[in-house]
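These notes are about the structure you will find just below.
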Amino acid sequence: MKAWISGEASGMAHVAPGERAMPEPGARDLLVRVLYGALNFSDVLMIEDGYQVRPPRPFVLGQELVGVVEQAPAGSVLRPGDTVAGKVDWGAFAEYALLREDMAIPVPAGFSPAQAAALPVSYLTAMVALVTCGELKAGETVLVHAAAGAVGLASVEIAVAMGARVIATAGAVARLAPALARGAAHGVSYGDPDWYGQVKDLTGGQGADVIVDPVGGQVGEDSLRCIARDGRLLIVGFASGRMPRLAANRLLLKRASARGVYWNHDRDGPMLAEMTRRISDLAARGAISPLIGETYPFADLPRALADLAGRKVTGKALLRMGEAQ
């Protein structure tokens, strides 16, 4: 089968298409014919050996997919022909992949396979951030950074559905339109040096109760300038390329907390099952509608990764396999 492979050394110079043997499913695995692989910033980090998960090289790239079940374990509720989305440790950017049955999400009614490809990582991360880590309550104010990206837009939709008031940020005002269309009350560009002052003005000087930060760096550090008393800063990632150096005095004076957002199916199975159920409920209510920013043909993975790293993608970027439309 054809696949995109990160070779014996790190870096994009060692990423190339190649042939791999068909994967052999284990007792808990679905064999899935991949329709789309979904791109995540962690793919870029994994190529550079900068992610916490480091597969043995060489390895097949990709951590998120949607596809058709070809084989299912005995006794499975899923059957060959079912379309499912799912998170894998790696191996999604290939014609076939193995997906653990407990990590499979049936495509919600009314969703295209392409839309469902955004659920297993982006929406699950946003749900874990806001519900489990942020303990968001209706009526609170949520500041969502990088709201043009997949996790950011998912956070906007979920926070709005939970009854929160959302302030969305992006590197440029022009990139805020999708977040505003999905219910964000205000949009602010963190390209403005005083963006945190604008957030304070929009909240009557109180600041944001919950801050979702996939950016890190200076944006993460300045977030503590506009966090509310008892606020929660949720550290989702470091798309800026730099981890924030958080000022402990600002946390102390606001009695605020900074929490990392990370999940793993082996350690967090019951919690993730509940978060997935909540996502399915929102989908059934029409409260979420994943935005697919661009779909790239299989041969264009390097361009897709460059666009993602350069923040040229709005919403979710997909890699199309085979007959997927």
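The values are calculated or read from the model by the stated rules, or taken from the named source; none is laboratory data. Here the structure is a predicted model, which is why all the values come from computation and not from measurement. Using ideal geometry, Cβ is built from the backbone for each residue, glycine included, and neighbour counts are taken over all protein chains shown. SASA here: full protein model, heavy atoms, side chains in, ligands and nucleic acids out. Shrake-Rupley method; radii C 1.70, N 1.55, O 1.52, S 1.80 Å.
For the range 167-189, enumerate the residues that are within 15 Å of residue 226 (Cβ to Cβ) and either touching a residue at least 60 places away in the same chain (Cβ under 8 Å) or under 20 Å from the mean Cα position of the chain (by Cα) (or both).
Those that are within 15 Å of residue 226 (Cβ to Cβ) and either touching a residue at least 60 places away in the same chain (Cβ under 8 Å) or under 20 Å from the mean Cα position of the chain (by Cα) (or both): 167, 168, 169.
From 223, 280, 240, grab the single residue that is within 30 Å of residue 110 (Cα to Cα) and either assigned to a helix (DSSP H, G or I) or under 21 Å from the mean Cα position of the chain (by Cα) (or both).
Working: 223 fails: within 30 Å of residue 110 (Cα to Cα); 240 fails: within 30 Å of residue 110 (Cα to Cα).
Checking each option against the conditions leaves just 280.
How many residues, within the range 134-163, are under 17 Å from residue 256 (Cβ atoms) and open to solvent by 10 Å² or more (accessible area, probe 1.4 Å)?
The number of residues fulfilling the criteria is 5.
So residue 114 fits all but one of (1) in a helix (DSSP H, G or I); (2) crowded, with 22+ Cβ neighbours inside 10 Å; (3) more than 12 Å from the chain's Cα centre (by Cα); (4) not polar (S, T, N, Q); what number is the exception?
Going through (1) in a helix (DSSP H, G or I); (2) crowded, with 22+ Cβ neighbours inside 10 Å; (3) more than 12 Å from the chain's Cα centre (by Cα); (4) not polar (S, T, N, Q) one by one, residue 114 breaks only (2).
Hey, residue 84 hits all of (1) more than 15 Å from residue 280 (Cβ to Cβ); (2) open to solvent by less than 10 Å² (accessible area, probe 1.4 Å) but one; which does it fall short on?
(1)
Select, from 250, 285, the only residue that is open to solvent by 40 Å² or more (accessible area, probe 1.4 Å), within 24 Å of residue 163 (Cα to Cα) and basic (Lys, Arg). Step through it out loud before you land on a result.
Details: 250 fails: within 24 Å of residue 163 (Cα to Cα).
Sole residue among the options that is open to solvent by 40 Å² or more (accessible area, probe 1.4 Å), within 24 Å of residue 163 (Cα to Cα) and basic (Lys, Arg): 285.
Between a residue in the range 75-93 that is of a type in the set (Gly, Ala, Ser) and any residue that is part of a loop (DSSP other than H, G, I, E, B) and open to solvent by less than 50 Å² (accessible area, probe 1.4 Å), which pairs come within a Cβ distance under 7 Å, given they are 6 or more apart or on different chains?
Short answer, once both residue conditions are applied: 85/107; 85/117; 91/62; 92/62; 92/63.
Consider residue 304 against the criteria (1) surrounded by fewer than 19 Cβ atoms within 10 Å (Cβ to Cβ); (2) closer than 20 Å to residue 41 by Cβ; (3) among the hydrophobic types (A, V, I, L, M, F, W, C): it satisfies all of them except one. Which criterion is unmet?
Just one mismatch for residue 304, condition (1).
Of all residues being part of a loop (DSSP other than H, G, I, E, B) and more than 24 Å from residue 43 (Cα to Cα) in the range 253-262, which is least open to solvent (accessible area, probe 1.4 Å)? Just the residue, please.
My answer is 256.
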